[in-house]
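Since the structure comes first, as structure tokens, the remarks are kept for the end.
Throughout, read-outs are computed from the coordinates displayed, never taken from laboratory work. Quick caveat: nothing in here was measured; it's all calculated off a predicted structure. Every residue, glycine as well, gets a Cβ built from its backbone with ideal geometry; the counts of neighbours run over all protein chains shown.
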Amino acid sequence: MSGSVVWLRDDLRIADNPALRSAVDRGGPVTVVYVLDEQSEGIRPHGAAARWWLHQSLAALDTDLRAHGTALVLRRGAAADVIADLVAESGADAVFWNRRYGRVEREIDAGIKAGLVAGGVEAHSSAGTLLWEPWTILTGKGEPFKVFTPFWRAAQAMPEPRHPWPEPETIAPPADVASDTLEDWALLPTAPDWAGGMRDAWTPGEHGAWDRMERFIDEALADYDQRDEPAQAATSSLSPHLRWGEISPYQVWHRLHETLEPDQRRAAPAFLRQLAWREFNWNEYFHCDDIARTNVRREFDAFPWREASDAELDRWRHGTTGFDLVDAGMRELWHTGAMHNRVRLATASFLVKNMLVDWRIGEQWFWDTLVDADAANNAANWQWVAGSGFDAAPYFRVFNPDRQLERFDPHREYVRRWVPADEDRPEPMLDLKTSRQRALDAYAEMRRA
């Protein structure tokens, strides 16, 4: 037995990592590699905030792997070339990975698997990222669900998700395999270094994920019914840790089914429903070709979007629209790499409905500035707001940011956190009533077309 290669992607953890566990149980040396693939055709490069998180997460993972007897190997290039080279260098006769679900990624993985098998090398893929494989939850007609509630009912009728895999005690290292350094990859911002707020807000890595999970259960889960109030610490903040696979949905699911206090037990189903929304978005991504660029509901191809000026877009991007909730949210995003979910809906609706700007422009900005932006959730949630995706909000539903502020931040605690009271505020960049009617007229025009 010559050993194994474990190819990590969005699963940067040791515990409950089926690919890693299978390779260790097989015996022999294990080469654990992360490939920074920005060259394979169709692969979308990470945004700037995601690159910052990736650097921190890989550094934390390498530290953890060294405590288990090995080290993380870093390689850059087209995955097919890198994996083939690494198998040859290490003498491995098996490669393990956890599945990806986008069409491009599936085609790349299938090609790599075929090449490995043709060369006499075993290739094994596992389910490690989603609770339910996208082809297992279908309607009675064998089609993907397009509405969340029946999807969630069908998911609840499935067998209970498997229990998490334990982490291996030790990992036998390969003999001598060369690695890039993280510094070589230049993932961190330097000129200027704008990541100070993210460093203060987050602890990337597997330990940081579990600290966040336990803090949520101990301090916030009982108050989860207040999750729509951005000033309250009532959300889990687990989304970036799930996005990078520093904690698995299986670990979260079963942790939420363990012994909890009565008020925590009452709140747990609502949180698990949010976890299922993540699964629903991945289901959409699996069954649709390119949801970051293509309307799921193709009638929106005829929607008459405005060509906004750079100055208008910059007011939205940098939080100077003159609408306090929108501006607070966009500043929170720039500072921390995240934004409260209720505020995400308000800021996205403002761009798409009030400014009448194509949702893809907003999706790209969030892709570049969110630490939790992934291929499924970022695009699917933007399409939800725009009305062009699965189970989408009706286009005529326009989030009024002033009313949202009155309802969810009535004492302006959240707004004051990000928009100082003594700041000289700009005049509102548009009239909400007029812009709402313009959006409704545009929707009517699309329907006529």
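Annotations for the structure displayed:
- Shown for 97, 365: other C-beta atoms within 10 Å of each C-beta, ranked fewest to most, produce the order 365, 97.
- With 0.36 nm allotted per residue and the present C-alpha distance subtracted, the residue 406-residue 298 stretch has 35.4 nm of extension available.
- Where labels lie 7 Å past Cα in the beta-carbon direction, separation of residue 397 and residue 154 in nm: 2.1
- Here's the picture: charge each Lys and Arg Cβ at +1 and each Asp and Glu Cβ at -1 in region 298-448, and of 373, 386, 333 the one pushed furthest to the positive end of that dipole is 386.
- As a rough guide to protection, the peptides 380-392, 204-216 ranked by mean Cβ packing within 10 Å, highest first, stand as 380-392, 204-216.
- Computed over the Cα atoms of region 298-448, pair by distinct pair, the Kirkwood hydrodynamic radius stands at 15.6 angstrom.
- Two-decimal ratio, the chain, of alpha-carbon radius of gyration to 2.2 N^0.38 Å: 1.01
- Only Lys, Arg (+1) and Asp, Glu (-1) charged, at Cβ; the chain dipole about Cα centre in debye: 1520
- Treating r as the C-beta distance of residue 59 and residue 214 and R0 as 25 Å, the FRET efficiency rounds to 0.65.
- As a proxy for reagent exposure, ranking 259, 31, 294 by other Cβ atoms within 10 Å from fewest up yields 259, 294, 31.
- GluC sites (Glu not before Pro) lying in DSSP loop within region 293-382, provided at most 11 other Cβ fall within 10 Å: 307
- Radius ratio Rg over Rh of region 1-128, counting only Cα atoms, Kirkwood formula for Rh: 0.93
- Crossing angle, helix 48-67 versus the chain [Cα axis fit, 0-90 degrees, rounded to tens]: 30
- Charged-residue dipole, Cβ positions (Lys, Arg, Asp, Glu), region 1-128 about Cα centre, Debye nearest 20: 260
- Full-extension gain in nm, residue 44 to residue 310, via 0.36 nm per residue minus C-alpha separation: 93.4 nm
- Those residues of region 143-164 whose amide nitrogen sits under 12 Å from the label point placed on residue 106, 7 Å along Cα→Cβ: 144
- Axis of helix 79-90 versus longest Cα principal axis of the chain: the two differ by about 30°, to the nearest ten degrees.
- In straight-distance terms, cross-link reach from residue 433 covers every one of the lysines whose alpha-carbon lies under 26 Å from its own, apart from those fewer than eight places away in the same chain; here that gives 353.
- Label-point separation in nm, residue 127 to residue 169, each point 7 Å along Cα→Cβ: 3.0
- Between the C-alpha center of region 286-346 and that of region 379-449 there is a gap of 10 Å.
- With a Förster radius of 56 Å applied to the C-beta separation of residue 225 and residue 2, the computed FRET efficiency comes to 0.55.
- Cβ-based net charge around residue 202, under 15 Å, with every Lys or Arg adding one and every Asp or Glu removing one: -1
- The simple spin-label model puts a point 7 Å past each Cα toward its Cβ; for residue 89 and residue 25 those points are separated by 2.9 nm.
- Antiparallel DSSP beta bridges within the chain, as percent of all bridges there, nearest 5: 5
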